[in-house]
Amino acid sequence: MVDISVQGLVKAFEVDKNILDGLTFEVYAGERVGLLGKNGTGKTTLFRLLSDEIEKDEGEIVIGPGKRLGLISQIPSYPDHYTTEDVLKSAHDRLYRLQVELESLAEQMAGASDSGIMARYDQTLLKFETLGGYEMEMDRNRVCGGLDIPQTMREQLFSTLSGGEKTRVNLARLILEKTDILLLDEPTNHLDLKSTQWLEAYLEKFHGTVLVISHDRYFLDAVVTRSIEIVQGKTEFYSGNYSYYVTEKARRLEELEERWQKEQAEIKRLSYTAERMMGWGTGNKKMAKKAKAMQTRIARIEQTERPDREKQMKAKFGEKEFRGDELMAIKKLTHGFDGRTLFRDVNLEVLGGERIALIGDNGTGKSTLLKILMEELSPDTGAVKYGPAAKRAYLPQIIRFDNPNRSMMDTLIYEDGVTPQTARNRLGAFKFRGEDVFTPVSVLSGGEQSRLRLCMLMKGDINLLILDEPTNHLDIWSREWMEEALEDYEEALLFVSHDRYFINRFATRIWTLENGAITDFHGTYEEYRNRLEQTARFEQIEKNQKRKEKKPDRRRGPSPEKQVARLEKEIARIEDEKQELEERETILSSDYEALMEVAEQKAALDTKLAELYDQWEALAEDLE
């Protein structure tokens, strides 16, 4: 069944310049599709067209009948007095209406015995239960916990939230609404690692359709099963996730290049022969006729358009050789604000050539720590010391320039003190070419400003590069350009990032800031995740072992016989409850979201049953 059908879609914002030019594709029910393309190719425009936010110029868009579509980047307007909790509760408007109807019917039944009213009450109650009416509050708490929406934010006026917080709340609302088709436009932009992983786990269980735009390549690999790339207003299809797309795209380009080379060689051979025949054919009509036929044959060759291979960044950082000694030492560092300690007694050191990822939830103090390292902030206690040959460079999360009205070229000339030719060469290495170098800095996108600042960091012999969310405003292609530049940089790197693809590519050491302390792990991000999973398994095994070894206290409470009888009753009750859920699954066979909730409840009951059986076995053995 097709959930989204787009046929011949055309959209232009400028005369004779179609951003979407005959776009055609289909998305089937339950698919997870990644929408790829450079910034400006029309990905977000397509989402706005699908959600009826803007009008198309030509073509047809059909959404599956009865399917509800939700767009993350489209935040509805709410009354000024609405708190975040009110916005979240709006996802359950239908259930609240049913609840009011149930209360009204109950009052009517109390006043008179009417079989018709009772039948309506039973029907409404069944609908209320089936749609999850009794789980509304539990659902809100579960989703808010996963997306890091604390109680303080839930009590706050929605209008006072930041743009990122509003986006996060809107994502929670759409999840709670049990939307059939999710259009996710950069959903991880305002999520920390823990929330991103929660969203991935949710989407894995989500039985609806997902169309996602994201520059988070790790997220795309984890979530999507098919990719659609928008190229010059049209679609190219790839039957896999982002990693598959990269490999397949390279293979197709190689194939096109090879075909183009063969065609060019054949055209060159025929052209040479035709020219010789034409020369020989002077006064020889037969030879001239053959030459003309050969030229016609050349014209008929279906020429493949030469593939447009993006030029790679030719960028290198200046590096100051520094080996075998401390670059930086952090001693007993403590800092906080408003009575809250962000981190305390941090003791760490950085050696030459290390690549360290600083990770942690939003608000834990990662950016604050970087500012202290760069001496933009003073710590409450402790100190940061640098080696005598250490030379730092810092790319902050928010980029600022001395004079934003200057062009990019003038910015390098004035701020870095270089010649115009050197400025042009360095800008060219970072993909700023031609007339682009005269563009005022103030009109650059966030990603372009990050790229320009990174270009300026090349000026010195740097051996400690500190980056705060370096890929945050970059599209996938710009992220890859930056990564290629960093690959040539062999000195110490310390960075904050939520981009797991970036972390996995560069980090050889992980600092995790959590609960006011930094855990230091020497290894890659994959090794770090494997260690976390292994630790969790060992903790669970140890917990289970302790539970089995625990003996009942005979000095207090009921006798072992009575405890066994109580446990058997509790086990029977939970098994009955589990049976009811299995019957409910049959009723809800077409409601995927409700089925997912039932599955979670069954899993919780299975866990409880396992605990009860362990207790029962321990008591039974004791009685023997």
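Name the single residue that is farthest from ARG453 (Cα to Cα) among those in the range 479-506 being open to solvent by 10 Å² or more (accessible area, probe 1.4 Å), assigned to a helix (DSSP H, G or I) and in contact (Cβ under 8 Å) with a residue 40 or more places away in the chain.
Filtering first and then ranking leaves ASN504.
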Matching strands (runs of 3 or more DSSP E) fully within the range 309-419 where at least 3 residues are among the aliphatic types (A, V, I, L, M), open to solvent by less than 40 Å² (accessible area, probe 1.4 Å) and at pLDDT 90 or above | 326-337, 340-351, 355-359
In the range 148-171, residues that are under 17 Å from the mean Cα position of the chain (by Cα), at pLDDT 85 or above and part of a loop (DSSP other than H, G, I, E, B) total 0
Residues LEU199, LEU182, LEU191, LEU174: which one is at pLDDT 85 or above, in contact with a Leu (Cβ under 7 Å, 6 or more places away or on another chain) and not in a helix (DSSP H, G or I)?
-> LEU182
Taking THR512 as meeting all but one of (1) open to solvent by less than 10 Å² (accessible area, probe 1.4 Å); (2) outside any helix (DSSP H, G or I); (3) not basic (Lys, Arg), write down the number of the exception.
-> (1)
Out of (1) part of a helix (DSSP H, G or I); (2) surrounded by fewer than 15 Cβ atoms within 10 Å (Cβ to Cβ); (3) more than 27 Å from the chain's Cα centre (by Cα), the one GLY145 does not meet is (3)
State which residue is modelled with the lowest pLDDT when the search covers only the range 547-568 and only residues that are closer than 26 Å to ALA604 by Cβ and either exposed (fewer than 10 other Cβ atoms within 10 Å of the Cβ) or among the polar types (S, T, N, Q) (or both).
-> GLU549
Filter the range 9-47 down to residues that are of a type outside the set (A, V, I, L, M), buried (at least 21 other Cβ atoms within 10 Å of the Cβ) and part of a strand (DSSP E or B), then give me how many there are.
-> 3
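Rundown of residues vs (1) open to solvent by 40 Å² or more (accessible area, probe 1.4 Å); (2) outside any helix (DSSP H, G or I); (3) within 30 Å of TYR28 (Cα to Cα), yes/no style:
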{"position": "GLY66", "(1), (2), (3)": "yes, yes, yes"}
{"position": "ILE75", "(1), (2), (3)": "yes, yes, yes"}
{"position": "LEU88", "(1), (2), (3)": "no, no, yes"}
{"position": "GLU101", "(1), (2), (3)": "yes, no, no"}
{"position": "GLU137", "(1), (2), (3)": "yes, no, no"}
{"position": "ASN141", "(1), (2), (3)": "yes, no, no"}
Specify which of the listed residues (TYR96, TYR82) is open to solvent by less than 70 Å² (accessible area, probe 1.4 Å) and modelled with pLDDT under 90.
-> TYR96
Here are some conditions: (1) free of Cβ contacts under 8 Å to residues at least 12 places away in the same chain; (2) closer than 20 Å to LEU454 by Cα; (3) not charged (D, E, K, R). ILE356 meets all but one. Which one does it not meet?
-> (1)
Could you tell me whether any residue of the range 424-443 is under 18 Å from the mean Cα position of the chain (by Cα) and either open to solvent by 10 Å² or more (accessible area, probe 1.4 Å) or touching a residue at least 40 places away in the same chain (Cβ under 8 Å) (or both)?
-> no
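The values are calculated or read from the model by the stated rules, or taken from the named source; none is laboratory data. Nothing here was measured: the structure is a model prediction, and the numbers come from that model. Positions of Cβ are generated from backbone atoms using ideal geometry, with glycine treated the same way; all protein chains shown enter the neighbour counts. Note: areas computed on protein heavy atoms with side chains; ligands, DNA, RNA excluded. Shrake-Rupley method; radii C 1.70, N 1.55, O 1.52, S 1.80 Å.
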